[in-house]
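The values are calculated or read from the model by the stated rules, or taken from the named source; none is laboratory data. Remember, it's a predicted structure, so these values are computed and weren't measured experimentally. Note that we place each Cβ from the backbone using ideal geometry, even for glycine, and neighbour counts take in every protein chain shown.
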Amino acid sequence: MLPSHPEPAKTGSGLGGAAISRGFLIAVVVGYLLVLLAGPLVAIVLEAFDQGLAPLWAALTQPDVLHAFEMTLWISLAAVLLCTLFGTVVAFVLVRQRFIGRAFLNGLVDLPFAVSPVVAGLMYILLFGQQGWFEPWLEAAGIKVIFNWPGMVLATTFVAIPFVIRELMPVLQAVGLDQEQAAHTLGASRWTTFWRVTLPSVKWGLFYGIVLTFARAMGEFGAVLVVSGGISGRTETATLFIFRALDERQQVAGTGVALVMAAFSFSILIVMELLKSRTQEAAQ
Amino acid sequence: MTQGQRTSPWGRWGLRATAVTFLLLMIVVPLAAVVERGFTDGLAGLWEDLHAPAAMDALWLTLWTALLMTVINTVMGTLTAYVLVRYRFPGQALMNALVDLPFAFPTLVTGVMLVVLYGPQRAVGGWLQRQGIEIIFAPAGIVLALLFVTYPFVVRAVQPVLMELETEQEEVAYTLGASPAWTFVRVLLPAILPAVVTGALLCFARALGEFGSIVIVAGNIPGKSLTAPVHIFGEIEAGNLRAAASISVLLLGLSFLLILFVDWVQQRREHRSVAVSV
């Protein structure tokens, strides 16, 4: 499901020689990109700095804003941890083992991409909320999942499941078994083989998957909104804060936090670009 | 590839059981809960929820905005892939990187950016409004948000296929006097069509569920700019979980069919390329 990210080829002359149609096509595409992507980006930077640095800084250092950032960080880290640990196992099993139902499992992995975030949130309400499937047990155990951090971690994990698996599978496939078998023949244990042979050869692919997972997790909004109730200073993440701030006409704080997240996403994009060349080197 | 004969059966079964349990618990059980709630009162209940005027309006709006966006982004995405693969110009590497921007950005932030640019009280938005063009709090804003969010899909689906394609055939067609447009339609398009279709379907499937950018941009006026995912959110907030689940079941069904179709297109393409290489 994840589109691959090829670098442009170094050669190629284009469709015939018509310089006019070449210039025209480039202009159309660059124009579309500028209007669609760059325009909004410039707009939010101008907007956030509209009243100078002082109000922006004051808005960004409010206690509920800081708490929201902290919440986003912890929820995302927890989701990344779950997605990475279990995602690695799933990728390993799907690539290295053949069994009945494997194709079905492989298909399951892509499903979170096709599920609306709101529906993802609804799933956990129906499981853990009032009259939910598991509600009687949780009630008895005194565990609160909905309107609380466990539900937020689960919902965020759900939407981010595919990334590590989909990035790791092709790399695992490409690496093959030769080196592992060699290590094993030389007397290495399975753990040693995994840590010293398998992991180093797939590390860039894994890292790329982790970066994508983190980007997706920290930006998640719909699923978390449904599950958390967005209680200010408690279950409110950065995206939930933006939503509330705009609703309450706290324009500077809302766009300020949005700008911080945009800047962070932008740096993730740069890391992704750097990693791409690394993973391609590793693949060759 | 063989199964690692060297691993003990215990280790193999342990890993497999972990993987299966994780995917079942995290994906299958939650989805089953939605389907179960949608069907609590049988097909009649589901039908009743889907037939409510508000639900019908929301579903219709979601479908037509997604379709319109898919047409635009399929054309522009294919064009972008073509320009990125076949031409060299300054700023190209930057442009290639910029294509991924929507994948890295939180969709809510996308919504905020669009409101800041096109809101009626802003410079650009105000000017457009004086020309009679309403974007924010209108279906046009929904289409715009969807265009932003799904832009990479077609580009990244078509780009690798285009890169593998030899330019020879095109050049032959061109030498024989075919116009660039004719060459594109007769030579290039048949080769990249499966990739274009894949990208377009992914765009459409993604658009059906989009929430974060739309909820900010659309203004969510019932009957005018309230999409299906926003409607589902409203039903959850109002405590109508069955109605929310019913509409979710329809959206899920539609997305799954699209994903299955994408898999089928891709498998067919793989078979064909194998046949050619043999």
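Here are some notes:
- Residues located in segment B:23-52, provided they are free of Cβ contacts under 8 Å to residues at least 60 places away in the same chain, of a type outside the set (A, V, I, L, M) and in contact with a helix residue (DSSP H, G or I) (Cβ under 6 Å, 6 or more places away or on another chain): B:Pro30
- When we screen A:Met218, A:Met272 for residues that are touching a residue at least 24 places away in the same chain (Cβ under 8 Å), within 17 Å of A:Met71 (Cβ to Cβ) and under 16 Å from the mean Cα position of the chain (by Cα), the only hit is A:Met218.
- Here the condition is being over 22 Å from the mean Cα position of the chain (by Cα) and either part of a loop (DSSP other than H, G, I, E, B) or under 30 Å from B:Val85 (Cα atoms) (or both); of B:Glu235, B:Glu171, it holds for B:Glu171 alone.
- Residue that is surrounded by the most Cβ atoms within 10 Å (Cβ to Cβ), among those in segment A:248-262 that are assigned to a helix (DSSP H, G or I) and more than 10 Å from chain B (Cβ to nearest Cβ): A:Gly256
- Going through (1) within 21 Å of the chain's Cα centre (by Cα); (2) more than 7 Å from chain A (Cβ to nearest Cβ) one by one, B:Gly14 falls short only on (1).
- Of the residues making up segment B:89-140, those that are within 8 Å of another protein chain (Cβ to nearest Cβ), free of Cβ contacts under 8 Å to residues at least 24 places away in the same chain, out of contact with any Asp or Glu (no Cβ under 9 Å at 6 or more places or on another chain) and not aliphatic (A, V, I, L, M) are B:Phe89, B:Gly91, B:Gln92, B:Phe105.
- Exactly one residue out of B:Leu162, B:Leu208, B:Leu202, B:Leu193 is free of Cβ contacts under 8 Å to residues at least 60 places away in the same chain, under 24 Å from the mean Cα position of the chain (by Cα) and in a helix (DSSP H, G or I), and it is B:Leu193.
- Scanning segment B:195-221 for residues that are more than 8 Å from chain A (Cβ to nearest Cβ), buried (at least 20 other Cβ atoms within 10 Å of the Cβ) and not hydrophobic (A, V, I, L, M, F, W, C) yields a count of 2.
- Among the residues of segment B:17-53, those that are of a type in the set (Gly, Ala, Ser) and within 25 Å of the chain's Cα centre (by Cα) comprise B:Ala32, B:Ala33, B:Gly38.
- Helices (runs of 4 or more DSSP H) enclosed by segment A:97-213 - at least 2 residues per element that are more than 8 Å from chain B (Cβ to nearest Cβ) and in contact (Cβ under 8 Å) with a residue 60 or more places away in the chain: A:149-175
- Checked against the criterion of being at negative phi, modelled with pLDDT of 95 or more and surrounded by fewer than 23 Cβ atoms within 10 Å (Cβ to Cβ), the candidates B:Leu59, B:Leu108, B:Leu98, B:Leu50 yield just one match: B:Leu59.
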